[in-house]
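One structure is given here, and the rest of the page talks about it.
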Amino acid sequence: MAAMKFNSFADFYPFYLSEHSNATARRLHFIGSSLALACLFYGVFKLMWWYFAAALIAGYGFAWIGHLFFERNRPATFSHPIYSFMGDWVMWWQTLTGKRPF
């Protein structure tokens, strides 16, 4: 199946949200992204650079578990890495501020 083409992030984001319709998967994304942020901040604060690897593992690990077991789809990261990364953080912020359900 050919990858879908998007002209902008605004075009991509509705597709991204459709790939995150399962509440458990969205929660796992939010938890993973929050842990990734915590690892990044802690690593910078303590000058422990291996926390950057922990941030990647936490962020992507939780998200991919959500896709594999709950959404049962392929993460958009593989076909649209930049837009997907942006979508992760927009969805995280919208969840944090109550615009998206947790």
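Brief remarks on what is shown
- When you filter the trypsin sites (Lys or Arg not before Pro) in region 20-80 for DSSP loop state and at most 15 other Cβ atoms inside 10 Å of their Cβ, you are left with Arg72.
- Ordering 89-100, 50-61 by mean Cβ neighbour count within 10 Å, with the highest value first, yields 50-61, 89-100.
- Mean ellipticity per residue at 222 nm, deg cm²/dmol - from DSSP H runs of n ≥ 4 across the chain, formula -39500 (n - 2.57): -21000 deg cm²/dmol
- Added length on full extension, which subtracts the Cα-Cα distance from 0.36 nm per residue, Val44 to Phe9: 9.7 nm
- Using the alpha carbons alone, the radius of gyration of the chain stands to its Kirkwood radius in an Rg to Rh ratio of 0.99.
- Within the listed set Phe45, Phe62, Phe70, the residue fluctuating most in the Gaussian network model of the chain (springs between alpha-carbon atoms under 10 angstrom) is Phe45.
- Span-like helix criteria (full DSSP H runs; alpha carbon extent of at least 18 Å along the helix axis; mean Kyte-Doolittle hydropathy of at least 1.0) are satisfied in the chain by 51-65.
- Given charges at beta-carbon only (K, R positive; D, E negative), |dipole| of region 1-100 in Debye: 140 debye
Readers should treat all values here as calculations from the given coordinates under stated rules, not as data from a laboratory. Note that the structure is a prediction, hence the values are computed from the model and not measured. Glycine also receives a Cβ, built like all others from the backbone with ideal geometry; neighbour counts cover every protein chain displayed.
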